[in-house]
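Written out below as structure tokens is the structure these notes cover.
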Amino acid sequence: MIRINDRDEIEWEKGLTISGLLERFRYTFAHIIVKINGEVIPRKQYPTRAIPDDADVWVIHLIAGG
Amino acid sequence: MKVLSYDPELCTGCYICEEVCSETWFKVADAEKSSIRIRGDGQGILSAVFCDQCGECIAVCPTEALYRDKKGIVRLRKKLCVGCLSCVGFCPQGAMFYHPDQTQPFKCISCGKCADECPAEALTIIDKN
Amino acid sequence: MSKQTTRRVLAEYAYKPSDVERGYTGQTLYVNLSDNTIEAKPVTDEMKKKFVGGRGFDLWLLWHGVKDNTKWNDPENEIVISSGPCGGITQYPGAGKSLVASISPLTEVVIDSNVGGHFGPLLKFAGWDALEIQGKAEKDIIVVIDGPGGRITIEEADNVPVDTHLVGHWLINEMAETEEDRYYMSTVSAGTGSEHTRMGCLNFSLYDRKRKAPRFKQAGRGGIGTVFRDKRIKALVVNSAPVRGDSNHPADPARIARAGTKLHKEIHDHDDEQCRMRRRGTSYLAQIMDDYDLLPVHNYKFGTHPDTPKINGDVWEARYTQGLPDGCWYGCTLACAHAVDGYTLRTGPYKGEQVIVDGPEYETIAGCGSNCCIFEPWALLEINFYCDTYGIDTISFGTGTAFVMECYEAGILDQEKTGGLELNFGNASAAVELLHLMARGEGFGKIVGQGIRRMKTYFAEHFGADPAFLQDIGMEAKGLEYSEYVTKESLAQQGGYGLTNKGPQHDEAWLIFMDQVSNLLPTFEDKAEALHYFPMFRTWFGLCGFCKLPWNDTQPPDNAETDEPAKIPEHVQNYVDVFSGVTGQEITKEDIIAMSERVYNLQRVFNIRLGHGLRDHDNVPYRSQGPVTIEEYESRAERYDKQLQEILNLAPAGMTTEAKMAALREYREEQYEKLKDAVYERRGWTENAVPKVETLKKLGIDYPDVVAVVEKHL
């Protein structure tokens, strides 16, 4: 299982990258921060970094709307 | 169009060009008021930053203060400049400079004074098309 | 400045503009149109210390100018305009904003509205920290503030146009003698729509040097344009000496320049891969909101629509003229004030004219577009242009029209009642025609122009509509129409809209992502903390003259690694540096909150003084909290069923949709009441939303007349 934002849970898939996860949740906003098990992941790693099983994932969205 | 050209192989790092430039345009010897900056990387490699008249700043200026003169040199019309420093932030070379006791920015306009005075002949004015 | 005029001068005032010192001229200008008084009032140290400028000065002057029972259309009502100490600096992006305040024809309490353009900074450079207008003229007038000429006049204005784009032509052709004259002149104007609706807006001009044409930004919310025309003002005109980098005579120009050039470079290097504001402005948000199921569609019933790509950021990037320095004040390199040039109007009194359309921005795209199921770019351009020139708020028009369309499709309205308009969702031509009717104050247009709150009463009384249904679907609170975000699944943003002083405008708080998506505000205390911090933080921009978009629509690349990335700490530090650099006052990030708290609490007390402002005033329509209709429930059935199960321990499988909806509603309405409790406590207010005396004391605004208002309710 992977837990996202302390609320949503999905089955772990081998090879599911951060980009893949963002696409699945339709998280298209530019100003996001992704943390896996407390570690902030640099944006350039999103397409290649795979999410481990039992990961605690945060996709933090910053503010929009001025 | 005449632009400044710099040869790092000949430069001895004497910084006379910076003095000459600031004296010419600001009447004071102050590297922070020079439109040419010589930089060392700490390991003996020198480089120079100065305007190559690319003109990218012209589009970002909100008051049309920046323009290309008849000789192709990018100039600043002081009467129109509102001191927003957008050009300073947008210059791809970092060659538009700003000093706190001036409200308006400044840059190299290929006057050639530094080239005249450079003892190592590292600076020349060349024709660029 | 201006050419010889044949207008009759009703009053004249000679003066020498005060020098600006550290962001302040030290004078505000008072004009009374009933008796043609023009006078200077001093800015006291107390005003600067407690209220800073901008909205703070507006409220302070308005508080002293009106009486407890002043109505929006009484002569005592005022329109007050002020930018703030940082207004008019050129080095930091987004430093030209002004705040306008008045008593609103829609809400009957105070409205404050923020706006770009050049008027506010030029007003300061003409010698005035604020402009305060009271009274009503007998016939149409203009007020002209000529800084270099040292002269202020009230002049009869029979031959001055009313509609804004014509006022713009008049300004540059009739008032300016040379091209250079145009640079440092600006107008405030409304339009014929402000004469016939309660949702009138103000237009603040800026002279676009590349286009050689005037353009306009709007003080949109709350109907201040309606007050403007009620006072018989056609235009305010200001002219100042040329703007320079040190026009504000700042205390520490180097500190300001460091922050400014750093942000310019950050925008240059990163905007393209972030929000692309320089290319598409706020239109980028349309597709994003749709992706997150937050874009208002069908009068906020739904959050997404397959046709959104027809009006998303890609479309507008292609339509806006690219490569121009589209800052609404000098030095804004975020440059989000885009325009479509050479658009030929298809309808209305200016049909056939080729015009510049200032926008559309996100709120217009969502409000007049998706919310009404209109996905045709031409219609958004047409509506945007006409709303601006008529002086009608596009948000109130969009949300209002969406309400009308739902009533039409629900059978509450029909063609007989609408004077022939088939106001189905998606009927762009009918929506455009409705706008023209509203501007003329004719037929059904006159009714819609009253706004949703009054339409609710009208439809119930005259068309036999169910008032409870209308209350549920009519997206207004306090009498002001909602701006364009779907809040159903974010309790924090329900509060972000409902627990405001002015009405449901996202100016105060935008918490949807933090709450609904990122789940960063799980408890009531978290939400209350956010509903304290963000409104206070965001209020601050409007005290100083700043636009908040450069705060959060662009980010330093290393923002992710900071402690509280949602606050964008490096940018907050920039603002501290710029404020201190201008005023010479050393402040901290914490001081920002305290400065705003004073103004915010004064505004709350002001609402109470005017007869509202208590707990009930913060009620919201159920459409903002949950599904009103069966199709809404069913569009999110999985999510709602899950909540009934997990939170309320109910078994949705065995329940009818109606029963599920009733259970969900009871729960959500209860949650909102609990949110009120948590937020009022955090803000130092009573359960009835009254600022406590100890709170006023702590903030240093326990003036006798302020305390007298709250004491009646304690």
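The values are calculated or read from the model by the stated rules, or taken from the named source; none is laboratory data. Every value quoted in this text rests on a predicted model; they were computed, and no experiment measured them. For neighbour counting, all protein chains shown are included, and Cβ atoms are generated from backbone atoms with ideal geometry for every residue, glycine included. The accessibility values were calculated without ligands, DNA or RNA, using every heavy atom of the protein model including side chains. Shrake-Rupley method; radii C 1.70, N 1.55, O 1.52, S 1.80 Å.
Can you work out the Karplus-derived ³J(HN,Hα) for every residue in segment B:116-129? Use 6.51 cos²θ - 1.76 cosθ + 1.60 with θ = phi - 60°, whole Hz, and x for glycine or proline.
The phi angles translate into 4, 8, 5, x, 9, 6, 7, 10, 9, 9, 10, 8, 10, 9 Hz.
Probe 1.4 Å, all protein chains in place: accessible area of residue C:267 in Å², nearest 10?
0 Å²
Within segment C:301-403, report the trypsin sites (Lys or Arg not before Pro) that DSSP leaves as loop and that have at most 10 other Cβ atoms within 10 Å. All intermediate terms of the calculation are to be shown ahead of the outcome.
Details: sites: C:301, C:310, C:319, C:346, C:351; in loops: C:301, C:346, C:351.
When the trypsin sites (Lys or Arg not before Pro) of segment C:301-403 are filtered for loop state and at most 10 Cβ neighbours within 10 Å, C:351 remain.
Filter the GluC sites (Glu not before Pro) in segment C:605-688 to those in DSSP coil with at most 12 other Cβ atoms within 10 Å of their Cβ, and list the result.
On the way: sites: C:631, C:632, C:634, C:638, C:646, C:658, C:666, C:669, C:670, C:673, C:681, C:687; in loops: C:687.
Those that pass, being in a loop and sparsely packed, are C:687.
If R0 is 60 Å, what FRET efficiency do you get for residue B:70 and residue C:591 from their C-beta distance, rounded to 0.05? Intermediate values should be presented prior to the final figure.
Values: r = 53 Å, r/R0 = 0.88.
It comes to 0.70.
Compare each residue of segment C:306-332 in its chain alone against the assembly with all protein chains, and report those whose accessible area goes down by 30 Å² or more; 1.4 Å probe, heavy atoms.
C:325, C:330
How big is D for chain C, in µm² s⁻¹ as a whole number, if Stokes-Einstein is applied with the Kirkwood radius of its Cα pairs at 20 °C and 1.002 mPa s?
84 µm²/s
Compute, for residue C:647, the solvent-accessible surface of its heavy atoms (probe 1.4 Å) with the complete set of protein chains present, and express it in square angstrom to the nearest 10.
In the full protein context, residue C:647 sits at about 80 Å².
Which whole-Hz couplings ³J(HN,Hα) result when phi for each residue of segment C:583-588 is put into the Karplus expression 6.51 cos²θ - 1.76 cosθ + 1.60, θ = phi - 60°, listed in order with x for Gly and Pro?
8, x, 8, 6, 10, 10
Among the aspartates and glutamates, which fall within straight-line cross-link reach of residue C:265, defined as a Cα-Cα distance under 19 Å, with same-chain neighbours fewer than 8 residues apart omitted?
B:52, B:56, C:273, C:326, C:553, C:558, C:570, C:577
Radius of gyration and Dmax for segment A:2-61's Cα atoms, expressed in Å?
10.2, 27
Counting only protein heavy atoms and rolling a 1.4 Å probe, how much accessible area do C and B lose on contact, total for both sides, in Å² to 100? Show your work: numbers first, answer last.
Details: alone 24300 and 7590 Å², together 29940 Å².
Adding both sides of the contact gives about 2000 Å².
Loop by DSSP (not H, G, I, E, B), at most 16 other beta-carbon atoms within 10 Å: where is the longest site-free stretch of chain B for trypsin sites (Lys or Arg not before Pro)?
Details: sites that count: B:27, B:70, B:71, B:77, B:78, B:79, B:128.
Result for the longest clean stretch: B:80-127.
How much accessible area does residue C:298 have with a 1.4 Å probe, in Å² rounded to the nearest 10?
Per-residue accessible area (residue C:298): approximately 40 Å².
Just the number please: accessible area per residue for the protein assembly as shown, 1.4 Å probe, all protein chains included, in Å².
Details: 32110 Å² over 909 residues.
Accessible area per residue: 35 Å².
Accessible area lost on pairing A with C, both sides, 1.4 Å probe, Å² to nearest 100?
Details: alone 4510 and 24300 Å², together 26470 Å².
Roughly 2300 Å² of accessible surface disappears when A and C pair.
Quick check: the distance between the Cα centres of segment C:42-85 and segment C:214-293, to the nearest angstrom?
Computed from Cα coordinates, the inter-centre distance equals 23 Å.
Size of segment C:9-239 along its principal axes in angstrom, Cα-based, largest extent first?
47, 40, 33
Over the protein assembly as shown, what percent of the accessible surface lies on carbon and sulfur atoms, probe 1.4 Å?
Percent of accessible area from carbon and sulfur atoms in the protein assembly as shown: 48.
With axes computed from alpha carbons, what is the tilt in degrees of helix B:16-26 against the longest principal axis of chain B, rounded to the nearest 10 within 0 to 90?
Helix B:16-26 and the main axis of chain B meet at about 30 degrees.
So which trypsin sites (Lys or Arg not before Pro) in segment C:625-714 pass both tests, a DSSP loop state and at most 11 other Cβ atoms within 10 Å of the Cβ? Show your work: numbers first, answer last.
Working: sites: C:636, C:639, C:642, C:660, C:665, C:668, C:674, C:676, C:682, C:683, C:692, C:697, C:698, C:712; in loops: C:636, C:692, C:712.
When the trypsin sites (Lys or Arg not before Pro) of segment C:625-714 are filtered for loop state and at most 11 Cβ neighbours within 10 Å, C:712 remain.
Using only DSSP helix segments of four residues or longer, with each worth -39500 (n - 2.57), what per-residue ellipticity at 222 nm results for chain C after dividing by its residue count and rounding to 500?
Values: 27 runs with 282 residues, N = 714.
Rounded to the nearest 500, it is -12000 deg cm²/dmol.
Please give the Cα centre distance for segment C:443-471 versus segment B:53-129, rounded to the nearest Å.
The distance from the Cα centre of segment C:443-471 to that of segment B:53-129 comes to 62 Å.
Can you tell me the 0 to 90 degree angle between the C-alpha axis of helix C:452-463 and the longest principal axis of chain C, rounded to 10?
Roughly 50 degrees between the two axes.
Residue by residue through segment C:135-152, what is 3J(HN,Hα) from phi via Karplus (6.51 cos²θ - 1.76 cosθ + 1.60, θ = phi - 60°)? Round to whole Hz and write x for glycine and proline.
These are the phi-based 3J(HN,Hα) values: x, 9, 7, 6, 10, 4, 9, 10, 10, 10, 10, 10, x, x, x, x, 8, 10 Hz.
Treating the beta-carbon of each Lys and Arg as +1 and of each Asp and Glu as -1, no other charges, what is the dipole magnitude of the protein assembly as shown about its Cα centre, to the nearest 20 debye?
Working: 101 positive and 132 negative charges, 424 e Å.
Charge dipole of the protein assembly as shown: 2040 debye, to the nearest 20.
Restricting to bridges with both residues inside segment C:9-239, how much of the DSSP beta-bridge set is antiparallel, in percent to the nearest 5?
Numbers: 44 of 55 bridges.
Counting only bridges with both partners in segment C:9-239, antiparallel ones make up about 80 percent.
Under 16 Å Cα-Cα from residue C:124, which aspartates and glutamates qualify once same-chain neighbours fewer than 8 residues away are excluded?
The qualifying aspartates and glutamates are C:19, C:21, C:39, C:58, C:132, C:146, C:246.
Using the Kirkwood radius over C-alpha pairs as Rh, can you work out the diffusion coefficient of the protein assembly as shown via Stokes-Einstein at 25 °C, viscosity 0.890 mPa s, in µm² per second? Intermediate values should be presented prior to the final figure.
Values: Rh = 28.7 Å.
Approximately 85 µm²/s, per Stokes-Einstein.
Go through C:97/C:212; C:97/C:698; C:488/C:548; C:351/C:456; C:231/C:676 and tell me which ones have a Cα-Cα distance over 31 Å in this structure.
Details: C:97/C:212 22 Å; C:97/C:698 29 Å; C:488/C:548 25 Å; C:351/C:456 33 Å; C:231/C:676 37 Å.
As for pairs spanning more than 31 Å Cα to Cα, those are C:351/C:456; C:231/C:676.
Please check segment C:496-526 for residues whose accessible area, probe 1.4 Å, is lower by 10 Å² or more when all protein chains are in place than in their chain alone.
Residues meeting the cut-off: C:506, C:510, C:513, C:514, C:516, C:517, C:518, C:519, C:520.
Can you give me the angle between helix C:55-65 and the longest principal axis of chain C, using Cα atoms only, in degrees from 0 to 90, rounded to the nearest 10?
Orientation of helix C:55-65: about 80 degrees from the principal axis.
Taking only C-alpha pairs under 8 Å that are 6+ residues apart, what is the relative contact order of segment C:9-239 in percent? All intermediate terms of the calculation are to be shown ahead of the outcome.
Numbers: 602 pairs, mean separation 53.8, N = 231.
Normalised by residue count, the contact order of segment C:9-239 is 23 percent.
Relative contact order, percent, of chain C when contacts are C-alpha pairs under 8 Å separated by at least 6 residues?
Values: 1614 pairs, mean separation 104.4, N = 714.
Over chain C, the number comes to 15 percent.
When Cβ neighbours within 10 Å are restricted to other protein chains, what is their mean count per residue of peptide B:89-101? Show your work: numbers first, answer last.
Values: counts 14, 7, 4, 1, 0, 2, 0, 1, 0, 8, 2, 7, 2.
Mean shielding count: 4.
Which FRET efficiency, nearest 0.05, do residue C:166 and residue C:705 yield, Cβ-Cβ r, R0 35 Å?
0.25
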